[in-house]
1. Please give the contour-minus-distance gain from L16 to E48: 0.36 nm per residue of separation, less the Cα-Cα distance, rounded to one decimal in nm.
2. Over all distinct Cα pairs, what is the inverse of the mean 1/r for the chain, reported as the Kirkwood hydrodynamic radius in Å?
3. Got a number for carbon plus sulfur as a percent of the chain's accessible area, 1.4 Å probe?
4. What number comes out for accessible area per residue over the chain if the probe is 1.4 Å? Units Å², please.
5. Identify which of P50, P20, P28 has the largest mean-square fluctuation in a Gaussian network model of the chain, with springs joining Cα atoms closer than 10 Å.
6. Rounded to the nearest 500 deg cm²/dmol, what is the calculated helix-only ellipticity per residue at 222 nm for the chain, with -39500 (n - 2.57) per DSSP H run of length n ≥ 4?
7. I'd like the chymotrypsin sites (Phe, Trp or Tyr not before Pro) in the stretch 34-70 restricted to DSSP loop residues with at most 14 other Cβ atoms within 10 Å, sorted by number.
8. Given +1 on the Cβ of Lys and Arg, -1 on the Cβ of Asp and Glu, and no further charges, what dipole in debye does the chain carry about its Cα centre, rounded to the nearest 20?
Amino acid sequence: MPVLWKTYIVSTPDVLHGKPRLKDTRIPVSLILGYLAAGQTTQQILDEFPDVRSEHISACLDYARDLAEFQVAA
């Protein structure tokens, strides 16, 4: 079951110039996705970032899936 990314990801103009980030952190979603793309495991990411939980990583993947399915109306 996918994690509802809106529970764990926020974007506010005053933090990280509005880039999507993990809620209550300054960790951008793009950083987590980059680690995953580079072949890091969930456990390796959790070990490196003590404030990150497995739900955060699942939310990042769900967020990326939503973006990939986005369609612009013609």
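The values are calculated or read from the model by the stated rules, or taken from the named source; none is laboratory data. Everything numeric here is computed off the predicted structure, so don't read it as measured data. Note that we place each Cβ from the backbone using ideal geometry, even for glycine, and neighbour counts take in every protein chain shown. Calculation scope for accessible area: heavy atoms of the full protein, side chains included, ligands and nucleic acids excluded. Shrake-Rupley method; radii C 1.70, N 1.55, O 1.52, S 1.80 Å.
1. Values: separation 32, 0.36 × 32 = 11.52 nm, distance 2.02 nm.
Once the chain is fully extended between L16 and E48, it gains 9.5 nm.
2. One decimal place: 12.8 Å for the Kirkwood radius.
3. Reported share for carbon and sulfur atoms: 56 percent.
4. That works out to 70 Å² per residue.
5. P50
6. Mean residue ellipticity at 222 nm (helix-derived): -13000 deg cm²/dmol.
7. Details: sites: Y35, Y63, F70; in loops: F70.
Counting only loop positions with at most 14 other Cβ atoms within 10 Å, the chymotrypsin sites (Phe, Trp or Tyr not before Pro) in the stretch 34-70 are F70.
8. 140 debye
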